[in-house]
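Working notes, beginning with the structure itself.
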């Protein structure tokens, strides 16, 4: 990030500001960071809804009608429809909201883990 | 006046809930962990703890990205069990103490920790995966009222480890300034090493876990110099949860040392439990 010159912006200030954004992480750690949370807002909102029983019922009865509530893009809807866990993760779905989608689709976490390990890295 | 009589650091995980709810705590697989929790539960009885301040992080079970607090405090008389996606676990709501909660809130705000105020809060496995092992009576009733304190380690940017340490110091002052004669135990839940995304999914880092357990016990302030990259590179991205232990440890006297410690690396997590008895120096 470009450092603006100003006497009140000390080295300590810049160090603290830099620390708010984890960087230089090895690709296998693929962090859910600021950028991911912005990109993944719609998908996460959809998966988060499944913490409520009426939403889980709607998901079971009519998945398309359930998806229509969240303003998802066509690509995002396809990822959910095809249970593309790696694609969902790459498009910003947090592992914690994903566990709710995993629950209603009957997918074990170990299966997600296996796909993650074999996915060949992040973005 | 209220006193801090102890501290507990503990992992939290859905796996612990599944094992507990399936009655598998005495199996060969899970006894090493649950045996330790049972001992901590016995010690809580001995030390006559009558309030728990539980520092933890929510996992999209109450809060959502739409508005996610950096620090939040529960000030209610009860906390419903969150439905994490498969129906809430069959426990009554966790008992709270609104009077004590509001006092802690005022004290934290006076200390310039501007908390999100939660008069309603559903608690997830950050609280209730370890809680039944240390706080559940014979009739499945909660024995010790809980004050939940939520620290964001999910949505970046996160509060710095140094800030978490200062928060623990402020929690200590909040307890010491409460006039009612309470015996308080501070609990921090999370970690240790785990990695839930990417090609390193499921990696446990025993070296990091052992180093963390030693430092949090003997030289905890050194951990405030760690960056989040340090925690992530050495323990996995989800290992950042250990800052919850840092808040707890900062609320205890500097010379406190754990009288119980168990480390159990298993499957995709480094599980750990530590307990500190500081009841002999009461009021320090």
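For residue B:253, the conditions (1) touching a helix residue (DSSP H, G or I) at 6+ places or on another chain (Cβ under 7 Å); (2) touching a residue at least 40 places away in the same chain (Cβ under 8 Å) all hold with the exception of (2). Do you know which residues across region B:141-162 are away from chain A (no Cβ under 14 Å), assigned to a loop (DSSP other than H, G, I, E, B) and buried (at least 18 other Cβ atoms within 10 Å of the Cβ)? B:144, B:145 - these are the residues of region B:141-162 that are away from chain A (no Cβ under 14 Å), assigned to a loop (DSSP other than H, G, I, E, B) and buried (at least 18 other Cβ atoms within 10 Å of the Cβ).
Yes or no, residue by residue, for (1) outside any loop (DSSP other than H, G, I, E, B); (2) touching a helix residue (DSSP H, G or I) at 6+ places or on another chain (Cβ under 6 Å); (3) at the interface with another protein chain (Cβ under 8 Å from one of its Cβ atoms):
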site	(1), (2), (3)
A:4	no, no, no
A:12	yes, no, no
A:15	yes, no, no
A:28	yes, no, yes
A:46	yes, yes, no
A:54	yes, no, no
A:57	yes, no, no
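Could you pull out the residue among A:34, A:61, A:77 that is surrounded by fewer than 21 Cβ atoms within 10 Å (Cβ to Cβ) and at pLDDT below 95? Steps first, please.
Values: A:61 fails: at pLDDT below 95; A:77 fails: at pLDDT below 95.
That would be A:34, the only listed residue that is surrounded by fewer than 21 Cβ atoms within 10 Å (Cβ to Cβ) and at pLDDT below 95.
Selection of helices (runs of 4 or more DSSP H) fully inside region B:38-140 by the criterion of at least 1 residues being farther than 21 Å from residue B:12 by Cβ returns B:98-110.
Between a first residue in region A:84-96 that is closer than 15 Å to residue A:29 by Cα and a second residue that is surrounded by fewer than 21 Cβ atoms within 10 Å (Cβ to Cβ), which pairs have beta carbons less than 6 Å apart while being 6 or more apart in sequence or on different chains? Filtered contacts from region A:84-96: A:86/A:115; A:86/A:119; A:92/A:39.
Okay, residues lined up against (1) surrounded by 14 or more Cβ atoms within 10 Å (Cβ to Cβ); (2) at the interface with chain B (Cβ under 8 Å from one of its Cβ atoms):
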{"site": "A:67", "(1), (2)": "yes, no"}
{"site": "A:92", "(1), (2)": "yes, no"}
{"site": "A:107", "(1), (2)": "yes, no"}
{"site": "A:110", "(1), (2)": "no, no"}
{"site": "A:116", "(1), (2)": "yes, yes"}
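So is residue B:175 under 26 Å from residue B:226 (Cα atoms), touching a strand residue (DSSP E or B) at 6+ places or on another chain (Cβ under 9 Å) and part of a helix (DSSP H, G or I) or not?
Criteria not met by residue B:175.
With respect to the stated conditions, residue A:50 is surrounded by 11 or more Cβ atoms within 10 Å (Cβ to Cβ), at the interface with another protein chain (Cβ under 7 Å from one of its Cβ atoms) and more than 24 Å from residue B:237 (Cα to Cα).
Checking the structure you have, find out if any residue of region A:64-78 is in a helix (DSSP H, G or I), free of Cβ contacts under 8 Å to residues at least 60 places away in the same chain and within 14 Å of the chain's Cα centre (by Cα). Yes, there is a match, as at least one residue in region A:64-78 is in a helix (DSSP H, G or I), free of Cβ contacts under 8 Å to residues at least 60 places away in the same chain and within 14 Å of the chain's Cα centre (by Cα).
The values are calculated or read from the model by the stated rules, or taken from the named source; none is laboratory data. Just so you know, these numbers come straight off a predicted model, no measurement behind them. A quick note on method: Cβ atoms are made from the backbone with ideal geometry, for glycine too, and the neighbour counts reach across all protein chains shown.
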